[in-house]
């Protein structure tokens, strides 16, 4: 059973893996997020991260995402963003992670 | 009926600051007269004393009218001392002159406080005021002055460089760097560079540990305490460096921004009466010509044809003259910038124990006001460098067979469409060996490289270069020469350096007379020609289609040597049909502004040329990405592109349509090729 507090929902579509981030994310979710994303690094070819729901997050979460983006890039995995929420965009900007996350806002 | 006095405040502030500048110049003259004669006291020229007195008097009058009580109080004390000096009750010794110079600083600080509503350093001001009040009783044997250092008022813009490296356990303490950086971001203009070099490979990442670090540049009216406070919870859980960078205002900016910020600071321009008279004369002539032409038109016959042509020729001449006189209103003599250096040289030579004299030549050369305003900081920096590093101590100079007093000469003259300014000192010159050794040490060049003396001298313009053995608070913090060059470049100018060991150094600045002419590169997009300002262009490359990617919800990106930048297709942006449908046939011009890059896709590069900027504002609404227009040699109109605007457009990604609301993200994804 999927934990109701799962930080991400992962869905497989025809040409990409869709990763939808939860609305509220914090350091307590970082470990699960790390595990779930890790499984995609070997399995997926292209990943679309849907950040439209994100309302709250912290540096620990963004650190995991940054690590994921870097590893994805190293393994030739295509990573793109779907309508990142203003909160997410602002946090990425404030921490200077735009280019690492491939998110220009 | 009550009059709203606030409408006059701006004029009062400007006039007062100008009065203070005059007062400062005159005081420095007095001081120089005393120094030249090697005397402690000066037999002051009554005219100089009157000028100084009048400035203080009108500041007191104005501030009391407008109710700036702090200014009134201080100006009153100063005025009474100056009055005593006029009457001969107080002798202008060098000590007194130094105190009066400090009083000018205090008044300036008080006026700026009144203008910005921010408190200055009241303790320092009170201390100077007390010394002024006690002055008369202490004559004739006045003890040495105690000189409190005026702290910059809170409104002063600071440029902070913060290195923030959280320890691994930072997250465990419940602290979130995101909160800290958000708070910093709220304080002012914030540039963040993240360091992910400590972030281990994916499998080694422990998500509860903090591996990231940041370098933050923060610009704004921010006191150090505010920054300390933000980090107060984490000081023990991170390594933290907070440094103030000098010359904050030297950050390269675009011309448009410079103009905007200047206009915000000084909404008015003081113009000499003869210039206005000339303008009125020309307008008068224009009216006469217009009357003549309407007379011809009202009873026109072909017999009058030659008179009509004569009238039109006259109209053309009037228009040209009008244009020239209007342009000349924006022109100011360079002495505005040069005079600002006198005080700096005075204070600094005293602190360093050096004897220095500034010599101005051609300071009446005129240049556009915007250029002058942006020139003060670089000039200040060059003169400060000459004084600090170039000019030797008196004993050293004597030993080298030079006169004890060092000279820094600022010489300005016009050459073609440029104004040339030379900043020359007769000091020790640049040491090529030291510069080369330093550059090798900093990893800027390899020790085996064989550089000519000119190439070595050029190294000092590299970012982060500084050879000062002891970092003084005056200059030599490794920021400076590169920023000076950037600043001059942002004005469309250039800096060159020539040096002779033991004989001195000369910096030559070349600046455009006006910002109305621009060095540009013309590019072809479809059947249109556009002009790109040369200063913004980094390089041009042939496009590799496989390097283009398009993340969902964002505009196209181009990967150039591991760097990703937004790609803007000018044909799509301006709705012009591209010459070729084959993407790989075009070229990519890499442009840069405000530290950000973008690639502009164009059909072809045409020519490099100087163009005259024609303003569009009165004729058309503002079009994003276009700053002005020009007329090309063949008479066609070409738009001048606004590179900072284009880059902003590219980075906000508003150029391309975002996916429709109903689309699922995956289906709206345009094959991303991030590899």
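Pull up the stretch B:175-194, narrow it to residues that are touching a strand residue (DSSP E or B) at 6+ places or on another chain (Cβ under 6 Å) and more than 9 Å from chain A (Cβ to nearest Cβ), then point me to the one that is nearest to residue A:96 (Cα to Cα).
Per the criteria, the residue is B:189.
With respect to residue A:26, determine if the residue is within 25 Å of residue B:171 (Cβ to Cβ), within 12 Å of chain B (Cβ to nearest Cβ), surrounded by fewer than 20 Cβ atoms within 10 Å (Cβ to Cβ) and over 12 Å from the mean Cα position of the chain (by Cα).
It is true that residue A:26 is within 25 Å of residue B:171 (Cβ to Cβ), within 12 Å of chain B (Cβ to nearest Cβ), surrounded by fewer than 20 Cβ atoms within 10 Å (Cβ to Cβ) and over 12 Å from the mean Cα position of the chain (by Cα).
Just for the stretch B:174-194: of the residues that are touching a residue at least 12 places away in the same chain (Cβ under 8 Å) and part of a loop (DSSP other than H, G, I, E, B), which one is farthest from residue A:35 (Cα to Cα)?
B:188
Could you check the stretch B:195-216 and list, in sequence order, the residues that are closer than 19 Å to residue A:26 by Cβ, without any contact (Cβ under 8 Å) to a residue 24 or more places away in the chain and more than 7 Å from chain A (Cβ to nearest Cβ)?
B:206
Going by the conditions given, is residue B:534 surrounded by fewer than 19 Cβ atoms within 10 Å (Cβ to Cβ) and within 27 Å of the chain's Cα centre (by Cα)?
Spelling it out, residue B:534 is indeed surrounded by fewer than 19 Cβ atoms within 10 Å (Cβ to Cβ) and within 27 Å of the chain's Cα centre (by Cα).
Select, from B:576, B:538, B:589, B:523, the only residue that is part of a loop (DSSP other than H, G, I, E, B), in contact with a strand residue (DSSP E or B) (Cβ under 6 Å, 6 or more places away or on another chain) and either farther than 30 Å from residue B:427 by Cα or at pLDDT below 85 (or both).
Only one candidate passes the filter, namely B:576.
Yes or no: residue B:511 under 29 Å from residue B:371 (Cβ atoms), at pLDDT below 85 and out of contact with any helix residue (DSSP H, G or I) (no Cβ under 8 Å at 6 or more places or on another chain)?
For residue B:511, the condition - under 29 Å from residue B:371 (Cβ atoms), at pLDDT below 85 and out of contact with any helix residue (DSSP H, G or I) (no Cβ under 8 Å at 6 or more places or on another chain) - is not met.
Condition (residue is over 22 Å from residue B:650 (Cβ atoms) and at the interface with another protein chain (Cβ under 9 Å from one of its Cβ atoms)) applied to the stretch A:79-99: is it met by at least one residue?
Checked against the condition, which is being over 22 Å from residue B:650 (Cβ atoms) and at the interface with another protein chain (Cβ under 9 Å from one of its Cβ atoms), the stretch A:79-99 yields no hits at all.
Based on what the data block shows, is residue B:584 assigned by TED's automatic domain parsing to the domain that holds residue B:556, in contact with a helix residue (DSSP H, G or I) (Cβ under 6 Å, 6 or more places away or on another chain), surrounded by fewer than 16 Cβ atoms within 10 Å (Cβ to Cβ) and touching a residue at least 24 places away in the same chain (Cβ under 8 Å)?
yes
Please indicate, with yes or no, whether at least one residue in the stretch B:398-408 is outside any helix (DSSP H, G or I), crowded, with 20+ Cβ neighbours inside 10 Å and touching a strand residue (DSSP E or B) at 6+ places or on another chain (Cβ under 9 Å).
yes
Quick check on the stretch B:284-293. Is at least one of its residues within 30 Å of residue B:424 (Cα to Cα), surrounded by 13 or more Cβ atoms within 10 Å (Cβ to Cβ) and not assigned by TED's automatic domain parsing to the domain that holds residue B:612?
No, the stretch B:284-293 has no match at all.
Which numbered condition in (1) at pLDDT 55 or above; (2) crowded, with 18+ Cβ neighbours inside 10 Å; (3) part of a helix (DSSP H, G or I) is the only one that residue B:211 fails?
(3)
Every residue, every condition in (1) surrounded by 18 or more Cβ atoms within 10 Å (Cβ to Cβ); (2) assigned to a helix (DSSP H, G or I), yes or no:
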position	(1), (2)
B:53	yes, yes
B:63	yes, yes
B:72	yes, yes
B:75	yes, yes
B:90	yes, no
B:96	yes, yes
B:107	yes, yes
B:115	no, yes
B:120	yes, no
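Going by what's in this entry, would residue A:30 be described as closer than 20 Å to residue B:566 by Cβ and in a helix (DSSP H, G or I)?
Here the answer is no, as residue A:30 does not meet what is asked.
Can you confirm whether residue B:216 is within 16 Å of residue A:94 (Cα to Cα) and over 22 Å from the mean Cα position of the chain (by Cα)?
Answer is no for this residue.
Pick from the stretch B:350-370 the residues that are assigned to a helix (DSSP H, G or I) and touching a residue at least 40 places away in the same chain (Cβ under 8 Å): which of them is surrounded by the most Cβ atoms within 10 Å (Cβ to Cβ)?
B:369
Which of the residues belonging to the stretch A:48-71 are at the interface with chain B (Cβ under 9 Å from one of its Cβ atoms), surrounded by 24 or more Cβ atoms within 10 Å (Cβ to Cβ), part of a helix (DSSP H, G or I) and free of Cβ contacts under 8 Å to residues at least 40 places away in the same chain?
Correct list: A:59, A:60, A:62, A:63, A:64, A:67, A:68.
Does the stretch B:316-330 contain any residue that is within 30 Å of residue B:371 (Cβ to Cβ), touching a strand residue (DSSP E or B) at 6+ places or on another chain (Cβ under 6 Å) and at pLDDT 75 or above?
Checked the stretch B:316-330: at least one residue is within 30 Å of residue B:371 (Cβ to Cβ), touching a strand residue (DSSP E or B) at 6+ places or on another chain (Cβ under 6 Å) and at pLDDT 75 or above.
Is it the case, given these coordinates, that residue A:41 is more than 25 Å from residue B:567 (Cα to Cα), surrounded by fewer than 21 Cβ atoms within 10 Å (Cβ to Cβ), within 9 Å of chain B (Cβ to nearest Cβ) and touching a helix residue (DSSP H, G or I) at 6+ places or on another chain (Cβ under 9 Å)?
For residue A:41, the condition - more than 25 Å from residue B:567 (Cα to Cα), surrounded by fewer than 21 Cβ atoms within 10 Å (Cβ to Cβ), within 9 Å of chain B (Cβ to nearest Cβ) and touching a helix residue (DSSP H, G or I) at 6+ places or on another chain (Cβ under 9 Å) - is met.
Okay, residues lined up against (1) surrounded by 13 or more Cβ atoms within 10 Å (Cβ to Cβ); (2) within 14 Å of another protein chain (Cβ to nearest Cβ); (3) free of Cβ contacts under 8 Å to residues at least 60 places away in the same chain:
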{"site": "B:553", "(1), (2), (3)": "yes, yes, no"}
{"site": "B:558", "(1), (2), (3)": "yes, yes, yes"}
{"site": "B:561", "(1), (2), (3)": "no, yes, yes"}
{"site": "B:575", "(1), (2), (3)": "no, no, yes"}
{"site": "B:580", "(1), (2), (3)": "no, no, yes"}
{"site": "B:588", "(1), (2), (3)": "yes, no, yes"}
{"site": "B:596", "(1), (2), (3)": "yes, yes, yes"}
{"site": "B:601", "(1), (2), (3)": "yes, no, yes"}
{"site": "B:605", "(1), (2), (3)": "yes, no, no"}
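The values are calculated or read from the model by the stated rules, or taken from the named source; none is laboratory data. As the structure is a computational prediction, the values presented were derived from the model and not from experiment. No Cβ is skipped: glycine too gets one built from the backbone with ideal geometry, and neighbour counts run over all protein chains shown.
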